[in-house]
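Visitor: Have a look at this one before I ask anything.
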Amino acid sequence: MWFVSECDLGDFVADSVATCCRRRAMQLQLLVIAAWAAIASGGLPSVRDSLTHPVHVYEGDDALVTCVVRDAGDNTVLWKKEDRERHSLRVLTAGEARVTADRRFDVLHDAVPPEEKINSGGDVWVLVIKETKAADAGIYVCEVNSNPVVRSFHKLSVLSRALQPPPENGTGGAGLLGAGASDAARSAAQRHNYTACCAARNVSAACFGFCAVQSILQGNTGQDPERCEKDFPDIVRCMADGRNHVPCCARQRVPDICQDVCRGEYTVITDNIKTHFSCAAYTEPTLACIAEGVELLPSPPEDVEAAPLTEHSLNVSWAPPRSGGDTVNSFVVTVRLLRSFDEDGDDGFDAVPGDEEDSYAAAAAEAAESRAGAHRPTAPPTPEAPAGPAPPPGVVGTVSLTIPGTYGSTIVNDLQPFAMYEIAVVARNLHGESLPSEAVRALTLAPADAGAEPGDAAPGGAATPPLPDVRGCCTAKGVREASCVTKLCDPAAAAFVAAPDLMVCAPWAADAFSCLANGLDHSPCCRSRGLPDSCLVLCTGNVTQIDFSYFNCLKHLPAYASCLLRGYGVLPSSPRRVHVSHVDSSFALVHWAPPAALADTVLDYALHWRPLSTYDNDYRVVHARRQPFVLEGLRAGADYEVYVEAVNGHGAGDPSPRVVFRTHSQVQVEQEEASLFHNATACCVAAGLSGVCMPLCSYDARMGDVKALAGVCAGELHKLLRCGAGGRDHAPCCARRGVPAACAPVCAGVLAGSLAAAIAGCAPYIGNIVQCFEEGAGLLPGPVEELHATSVRDGAVTLAWQPPADGSNVTFFVVHYQKADNTTAHETLPRLQNQVNVTDPTADIEGLESGALYSFFVVSQNAHGASLPSSVLLLNATHTETDSPGIAAVPSPPHSLAVSSHSATWLTVSWQPPEFSLPSERLSYKLYHKSASDGDFQLVETSVTSHMLETLLPNTQYIVYVVAVSQKGASLPSETLIAWTDPAYPAFVEPPTVHPINLVTEGGSMTVLCIAMGTPTPTISLYITGRLVRQEVTRHMVTVVHNVTRDMDQIACYADNGYGTPMQASRKITVSHPPHITASVITMAAPGDSVALECRVEAQPEPKMVFWKDHNGRIPVIQGGRYDIAVFSDKEEESVYVMRLTIHKVEADDASDYFCRAENAFGDATQPVSLRVRSQAAATNVTACCVEQNVSSSCMDACSFYLDVEAAVERAGCAGDLDKLLKCAADGSDHRGCCAKRGVPRRCLDWCRGEPAPAPSAKACVLQHTKPIVACFHEGRERLPGPPLNVRVEVIDAHSVRVRWDPPAKNPGAVEMYRVFWRTSGARTSHKNDTRAPSLRLSGLKEGVAYECAVKAGNRLGTSALSAPVLFATGGPADKYITSAASVDSESSRAGVAVGAGLALVSLVALAAAAVWWVRRRRLLGSKSQGGVAFENPSYLREMNMDHIQIPSGLADGAVAVATSTTTTSPSASAACASAAPPPTHNGSAVGSPEHDADGGGGGVGAGWRTETLHVPAHVDAGGAGATAGAREELRLSRGGAGFKRLK
């Protein structure tokens, strides 16, 4: 069968064959050879002596195919022919008996009488084929039915001698359409246009360019061949035009594998590796044969029909060919017996079996009837098919008849009765023949049909009996309504009576049903057909009246009408003897006999069938005029039910009994042909092929597996080749099938050169090679095994070996030997100087030179070819004592030793395995190497054919050779390889190359190329912004970086190879990105203040920046008047720009939404900044604060609503006023939480609440962290409340007081809670509690003890500073014991004057001690007393922030604070508090208890605050990411000044 492949038919286009083949070669990653599974066994009949060389005969001559069977015993020898279309073997002879119906076949054996035998012998079985035809060509199998089966394969080629050159060409010719061809023939060939045929076969219009030979030859098909792959089968069929061009292609030496196009066939490429072969080199001669044949050869006969005549004969007719009919001199009619019908992929229910077009029997009957007007004479039976007894049943046979060209029909005799045949006709003329016509099928008659009785005649022979005159009866009984007479009084219409008819005819119903019954009781029939009892009265005819109860009987009226007709005796009875035969997997034959009654009135038969045990089990009905009926389209292994009814003019009679049958199973058991076929899988296992590569060890390997496993299994290709070849020499087959000579070693399972060269040159022929492997496995002998010398004498050697283990049909053995020396002993020559042929597996070689060295190997051979040489035996022809089993042969040396890659410290050495060794032999290798200066070789053992020698010295010469090792011993050494390592050079790296060069965009991709020189190969590392991205040992490393971010601006390549100093080269790139704007969302200002709206823009390249006042209207803010716009670059960060809008003397109308707008080539951004103007002036007069703090006049310009602290920092004269400016900027709020999130270190956090940081880092903190501190001041100005005002104490009794205060002046609406602190005066521990109300009751106080308290306001964002502390005492008049430690305002100052003398006397010592300690502490910290704080309490340093704290709504005015909650400055206490903290509550805080009047104890209030777990707010700014974990954690755990400011 010819295979065009994707590189063939499509490449009929001129100049495209080579291009396509190169493209296909690149797609094949690995040349994989696989194997046919077989079972090796011994002690069987042998066919190794059979003559299996191809047999060539001319058409019409006799062919003799010889098979030699040794030790056949009681087994039977069968001859079979391969049916390639059906992938099966057709039996021709069994023993000496002919099985096929074709009398041209016979077998010759010595048991035949002497006068009839030809060249026969005791073990010789000769298949004789008389008057051979082209259809006889193929593979014939000589099979012995032993266990396991033994086979030999024989190829027969039939050459046509009838093909002659056309008359106009004369006798001279230079080849097909060459110089000897006439212009008329050449032009006719080029005119061959089969576009109409292509259109009729639904070929795509875009592929019509391939439907004309001229367009193909000129290369103007206008379409890529790959796009027309699916249409090529139809295109090729149209191209051949029904002519058989195979003889011409054979004369042009087109390989048989490439002749399918010559037959009008196209082999589609599949995933099977055998379908990937090349016939591109034979495209032109194939086209030339087709072009010539369409002018000379006839087209197939048309309208072939076949009709059965008898049980042993068919009448076959046909019409002349459409083209070349006048040149036809004969027709060949081939009739082939079918054992089964073609398989159908459908479920068999889409088309109704038995339909006239689908039934073989019906088609044959119709064809017989339509031949009445045939215009051509009928040829009598030819001598090739004389009439005679029928062949034995069950015999498969083929009948071939040659009919003169003047006839249009013939009768084929000697057929089996009741058997299905397939018939095709071929037309012949002087130049050749057509392809077979469309095959038709016909069924011979059954014996019962041939001798049918008169009663069994075909249906429709007699008139139908008349019906009773029911209408006359009704009229006689007075039924006057015409419609009632028509509907109720007609048995044929009774089945269609409806409810209205019953209602209209109710008055005459009794008479009508009485007439229908005709005096008979039909109730037994009605009851059997399922009519209910209430309706049986209709069947008796005794109806008295019709009411609504009879409406239920309407659905049973068809069965009622049938019973009436049956009772009248006008319907045929049920068919007899219904049975099923010839049950197959997809069809069955249904038989029946005519009914006993009224058989002559039957028109046809209704066959009802259905599948059982399925959801779709309704009966299907088909009609047949005669039996048997072919019930087709059945499913394999399924149960069916069938019955038959006879039908005449009145309807269907009684049904026959049901017949249930089951179709045969479709499971096909594939028998392993163990005795002849090489078991490649076992070979691969024995050779040590890795498990992952085992799918490739098959002749039916999938190309998908080849491509998937190419990289993994490339190193084991030699094992696949050796096992695929099976030790056989397939080079002659490869040459016959068009494989180039350069690939001949591959056909022998040997890689002569490099793997890459083998793949590049031989990959297009992979299918050709694998098919030769598969064919040779059954034809060629396998290699001998266990070659050894049993005796070595002076000048003589005795050799012994084992024949091939796979049962190959070996005819003889050839022993090769020659004298060897140090040079020739390492050579692997396929043929040595001396050969000895022997038939036994032993040989005595004499006449050798004593003391000389000789090489020996053995080759097995038969008529088809030879095996590959065995392992090599190297012997000294000197007497040597040998032990059993003697001196064993070993593999030949490895060869083609080469350095595949190298560097300064390593060499990779590769080699090819031994050419002479058993395919299944597991080989390992010993690699010896040393430097030129070393004395001893170092040994490395490996199982693969390459190895990397590492840790070598640079610039050093090394000597290498390899030895192959098998179970029998080690081979001779390979050739010696001398190789140098490279000199060592330090690594040198070039600056990285970045693509695109000038346009790396954020979010995009960039490709970075690092190039490094040096020997050995350096290790290149790629760093981006200081982070290692990739590292690889290479000289060129290309890295694609996706999703580039704007900080990836530093790219460095680093290279090191261990020699010299590592080198680094870097490059700074610019990452372009659209603008990103950050700004405060809302800014508050008071009328008359100056306010700055500032946005920070990060963009690359520099954007265009503008302020808008209306986003939709895009109304810009214009420079001038009260508006001052400044745009400048940030001095510390590249690609960061600041745009600032300063509005002087803010007015109420200035309150609006402003928009910062920035735009560059990569995008734009808009950020709103809103200005809100208070309805009243700011609660805090910043200027007044600066005056009160004695800020110098040179720095007073910074004292606006937004203090310009940054400007003051840059002025040398303002360094002394920084603490004052920051105190005023803090505006009475505690901003430490914000500063911590923005990365301000812990030592500088005091500046964030307006207090100087501890020396000596105070000034450094301001200089380094001005921006985040000021940003927090701006952020918290409108969010954080100020300190509560007018804190005062009202004494309730000797143990209770109530603390009251006023809301803060700054952001009073932002207050979510108040926190009250109190303690005994001078104590180091304090109590606290929280409340929403502006007062809190404190109880549990001691009478006569001086206390102090302070209050701060807070919310979830932070807190205010503490209010001025208040001193009080219990046990006396309230107004006598209350004072203020510092003046908060005039009111609180006046309250402090009212302190009583008793309180002063009690607390004088404590106050003095506290004052002294406070002064010392302030000096140590380098701070200045600014007033407003009279003492310091270290316990407040441990207070927490108010982040995410919620106050229960129940804690309102009047809540009592029990004086039990304390804090301590002890480190151990703090640690204990932190470690013992319970899990947080659901709202993240623990609050005090509700008000109660219990004195003393209790302890829930303070303890809950001391152990609460706080969380960083979810809206943490990016600036906060830089804060150290330790500082933030201490802030959250109330350590080191977190929470409320310390009291001073």
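The values are calculated or read from the model by the stated rules, or taken from the named source; none is laboratory data. Owing to the predicted nature of the structure, the values given are computational and were not obtained by experimental measurement. Glycine also receives a Cβ, built like all others from the backbone with ideal geometry; neighbour counts cover every protein chain displayed. Ligands, DNA and RNA are stripped out before the accessible areas are found, and what is left, the full protein with its side chains, is counted by its heavy atoms. Shrake-Rupley method; radii C 1.70, N 1.55, O 1.52, S 1.80 Å.
Visitor: What percent does the relative contact order of the stretch 500-637 come to when contacts are Cα pairs within less than 8 Å and at least six residues apart?
Guide: Values: 179 pairs, mean separation 25.5, N = 138.
About 19 percent, as a whole number.
Visitor: Give the span of the stretch 507-630's Cα atoms along each principal axis, as three whole-Å numbers ordered largest to smallest.
Guide: Per principal axis, max minus min of the Cα coordinates gives 58, 38, 19 Å.
Visitor: May I ask for log10 I(q)/I(0) of the stretch 1063-1174 at q = 0.18 Å⁻¹, from a Debye sum over the Cα atoms as equal point scatterers with solvent left out?
Guide: The calculated log intensity ratios at q = 0.18 Å⁻¹ are -0.87.
Visitor: Another one. In the stretch 1306-1371, carbon and sulfur make up what percent of the accessible area (probe 1.4 Å)?
Guide: Working: 800 of 1660 Å².
Carbon and sulfur together cover 48 percent of it.
Visitor: Let me ask you something else. Take the Cα pairs of the stretch 874-1010, get the Kirkwood Rh, then feed it into Stokes-Einstein at 37 °C and 0.692 mPa s and tell me D in µm²/s.
Guide: Values: Rh = 18.6 Å.
For these conditions, the coefficient is 177 µm²/s.
Visitor: Further question on the same structure: Work through the residues other than Thr945 whose Cβ is under 10 Å from its Cβ and net out their charges, Lys, Arg +1 and Asp, Glu -1.
Guide: Working: positive: Lys719; negative: Glu716.
With Lys, Arg at +1 and Asp, Glu at -1, the net is 0.
Visitor: Given the C-alpha centroids of the stretch 563-593 and the stretch 1040-1067, what is the distance between them in whole angstrom?
Guide: 92
Visitor: Right, another one. In the stretch 867-972, what GluC sites (Glu not before Pro) fall in a loop by DSSP, with at most 16 other Cβ atoms inside 10 Å? Working shown, then result.
Guide: Numbers: sites: Glu881, Glu915, Glu921, Glu941, Glu950; in loops: Glu881, Glu915, Glu921, Glu950.
Here the GluC sites (Glu not before Pro) that fit, given the DSSP loop and packing criteria, are Glu881, Glu950.
Visitor: Then there's this: Please give the solvent-accessible surface of Trp906 in Å², to the nearest 10, using a probe radius of 1.4 Å with every protein chain present.
Guide: The accessible area comes out at roughly 60 Å².
Visitor: In whole Å, how far is the Cα centre of the stretch 420-439 from that of the stretch 975-1034?
Guide: 71
Visitor: Still on this structure, please answer the following. Can you divide the C-alpha Rg of the stretch 491-548 by 2.2 N^0.38 Å and report the result to two decimal places? All intermediate terms of the calculation are to be shown ahead of the outcome.
Guide: Values: Rg = 11.1 Å, N = 58, 2.2 N^0.38 = 10.3 Å.
Output field value: 1.08.
Visitor: Here is a follow-up. Rolling a 1.4 angstrom probe over the protein chains, ignoring ligands and nucleic acids, what is the accessible area of Arg1232 in square angstrom, nearest 10?
Guide: 10
Visitor: If you add up the charges near Gly209, with Lys and Arg at +1 and Asp and Glu at -1, over every other residue whose beta carbon is less than 12 angstrom from its beta carbon, what do you get?
Guide: Numbers: positive: Arg227; negative: Asp224, Asp231.
Around Gly209, the charge tally is -1.
Visitor: Arrange the residues Arg566, Arg610, Arg1298 by how much accessible surface each exposes, largest first, with a 1.4 angstrom probe.
Guide: Working: Arg566 115, Arg610 60, Arg1298 35 Å².
Ranked from most to least accessible, the order is Arg566, Arg610, Arg1298.
Visitor: Need the list of lysines near Lys1328 for cross-linking: C-alpha distance under 18 angstrom, and skip anything on the same chain fewer than eight residues off.
Guide: Lys1342, Lys1352, Lys1541, Lys1544
Visitor: Now, a different point. Return the subset of Lys719/Lys968; Lys819/Lys930; Lys133/Lys155; Lys719/Lys926; Lys1223/Lys1267 for which the Cα-Cα distance in this structure is over 26 Å, preserving the input order. Don't skip to the end; give the middle numbers.
Guide: Working: Lys719/Lys968 18 Å; Lys819/Lys930 32 Å; Lys133/Lys155 14 Å; Lys719/Lys926 18 Å; Lys1223/Lys1267 16 Å.
Too far apart for the 26 Å limit: Lys819/Lys930.
Visitor: Search the structure for amide H atoms under 5 Å from the amide H of Gln818, placed 1.01 Å from N in the peptide plane, and list their residues when 5 or more places away or on another chain.
Guide: Result for Gln818 returns Ser855.
Visitor: Read phi for every residue in the stretch 1273-1280 and hand back ³J(HN,Hα) as whole Hz from Karplus 6.51 cos²θ - 1.76 cosθ + 1.60, θ = phi - 60°, with x for Gly and Pro.
Guide: Computed from phi, the couplings for the stretch 1273-1280 are 4, 5, 5, x, 4, 9, 10, 9 Hz.
Visitor: Order the following by accessible area, largest value first: Thr406, Thr981. Probe radius 1.4 Å; ligands, DNA and RNA are ignored.
Guide: Working: Thr406 100, Thr981 5 Å².
From most accessible down to least: Thr406, Thr981.
Visitor: Would you please give the residues with an amide H less than 5 Å from that of Asp604, counting only those at least 5 places away or on a separate chain, with H modeled from the backbone geometry?
Guide: Amide H neighbours of Asp604: Val647.
Visitor: Measure out, as a whole number of angstrom, how far apart the alpha-carbon centroids of the stretch 122-146 and the stretch 1068-1120 sit.
Guide: 99
Visitor: At 1.4 Å probe size, what's the solvent-accessible area of Lys968? Round to the nearest 10 Å².
Guide: Spelled out: Lys968, probe radius 1.4 Å, area about 90 Å².
Visitor: Can you list residues from other chains, or at least 5 along the same chain, whose modelled amide H is less than 5 Å from the amide H of Glu1312?
Guide: Gly1354, Asn1355
Visitor: What are the ³J(HN,Hα) couplings of the stretch 625-636, residue after residue, when phi is run through the Karplus curve with 6.51, -1.76, 1.60 and θ = phi - 60°? Round to Hz, x for glycine and proline.
Guide: 8, 8, 10, x, 10, 8, 8, 9, x, 8, 8, 5
Visitor: Less than 15 Å Cβ to Cβ from Glu1134, Lys/Arg counted +1 and Asp/Glu -1: what total charge do the surrounding residues give? Could the numbers behind the result be given before it?
Guide: On the way: positive: Arg1046, Lys1068, Arg1096, Lys1131; negative: Glu1002, Asp1047, Asp1049, Glu1098, Glu1102, Asp1130, Glu1132, Glu1133.
Around Glu1134, the surrounding residues sum to -4.
Visitor: Let me test this: with uniform point scatterers at the alpha carbons of the stretch 1272-1319, what is the Debye-based log₁₀ I(q)/I(0) at q = 0.24 1/Å?
Guide: Summing over Cα pairs of the stretch 1272-1319 leads to -0.91.
Visitor: Can you tell me which lysines have their Cα less than 24 Å from the Cα of Lys1068? Leave out same-chain residues fewer than eight positions away.
Guide: Lys1131
Visitor: Cα extents of the stretch 1036-1080 along the three principal axes, largest first, in whole Å?
Guide: Here the spans come out as 56, 21, 14 Å, largest first.
Visitor: Let me check something: with ligands and nucleic acids excluded, how do Arg702, Arg831, Arg728 order by accessible area (1.4 Å probe), largest to smallest? The partial results should precede the final answer.
Guide: Working: Arg702 115, Arg831 155, Arg728 0 Å².
Reading off the accessible areas and sorting them downward yields Arg831, Arg702, Arg728.
Visitor: Let me ask another. Sort largest first and round to whole Å: the equivalent ellipsoid semi-axes of the stretch 704-840, each the square root of five times a Cα gyration tensor eigenvalue.
Guide: Working: eigenvalues 200, 66, 42 Å².
The answer is 32, 18, 15 Å, longest axis first.
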